[in-house]
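Undergrad: The structure that follows is given in the form of structure tokens.
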Amino acid sequence: MTLDPAIAARLKRNDAGLVAAVAQERGSGDVLMVAWMDDEALARTLETRKATYYSRSRQQYWVKGETSGHTQYVREVRLDCDGDTILLVVDQEGAACHTGTHTCFDSDLLLADG
């Protein structure tokens, strides 16, 4: 799969050729997780509507839920104004975090009002 050249031209990648990708749950608005994408992962995500990321540690692509069953069906994909972050608005099935929690951001509250 090839990423549309007009989209590819807008991306600002890090030195490894990756762009941060934030997954947000459509119904609740919860920020679920942050992962990484390259052009191929983004192209696969746009074509299949299955959240596809690039694993820096394993140096391979992975489809969220492929082994766990905790899938992300992609409803929207947005690029931020600087082109250095991708937002995936998803319907999440099961836990989003590899620890088994709903989101990767529900354990360590560092600051809160009230």
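Undergrad: Scan (1) buried (at least 16 other Cβ atoms within 10 Å of the Cβ); (2) in contact with a Phe, Trp or Tyr (Cβ under 9 Å, 6 or more places away or on another chain); (3) in a loop (DSSP other than H, G, I, E, B) for the single condition C97 breaks and write down its number.
TA: (1)
Undergrad: Filtering segment 19-31 down to residues that are within 14 Å of E76 (Cβ to Cβ) and in a strand (DSSP E or B), which residue is farthest from the chain's Cα centre (by Cα)?
TA: E25
Undergrad: OK, next. Considering segment 32-65 alone, what residues qualify as being of a type outside the set (S, T, Y), more than 10 Å from the chain's Cα centre (by Cα) and within 19 Å of T85 (Cβ to Cβ)?
TA: D38, D39, E40, A43, R44, L46, R56
Undergrad: Pick out the one residue from T85, T103 that is at pLDDT 95 or above, in contact with an Asp or Glu (Cβ under 6 Å, 6 or more places away or on another chain) and of a type in the set (S, T, N, Q).
TA: Going through T85, T103 in turn, just one is at pLDDT 95 or above, in contact with an Asp or Glu (Cβ under 6 Å, 6 or more places away or on another chain) and of a type in the set (S, T, N, Q): T103.
Undergrad: Is it the case that E66 is closer than 28 Å to I7 by Cα, at pLDDT below 95 and acidic (D, E)?
TA: yes
Undergrad: Okay, moving on. So, in segment 32-59, exactly how many residues are part of a strand (DSSP E or B), of a type in the set (S, T, N, Q) and buried (at least 16 other Cβ atoms within 10 Å of the Cβ)?
TA: Summing the residues that are part of a strand (DSSP E or B), of a type in the set (S, T, N, Q) and buried (at least 16 other Cβ atoms within 10 Å of the Cβ) in segment 32-59 gives 1.
Undergrad: Now a separate question. So which pairs qualify, if the first residue must be in segment 54-74 and within 14 Å of V34 (Cβ to Cβ), the second must be part of a loop (DSSP other than H, G, I, E, B) and small (G, A, S), the Cβ gap must be under 6 Å, and the two must be at least 6 apart or on different chains?
TA: K64/A51; Q72/A51
Undergrad: Then there's this: Among the candidates R49, R58, which residue alone is among the basic types (K, R) and either out of contact with any Phe, Trp or Tyr (no Cβ under 7 Å at 6 or more places or on another chain) or over 24 Å from D4 (Cβ atoms) (or both)?
TA: Checking each option against the conditions leaves just R58.
The values are calculated or read from the model by the stated rules, or taken from the named source; none is laboratory data. Everything numeric in this text was worked out from a predicted model, so none of it was measured. Every residue, glycine among them, receives a Cβ derived from its backbone with ideal geometry; neighbour counts consider all protein chains shown.
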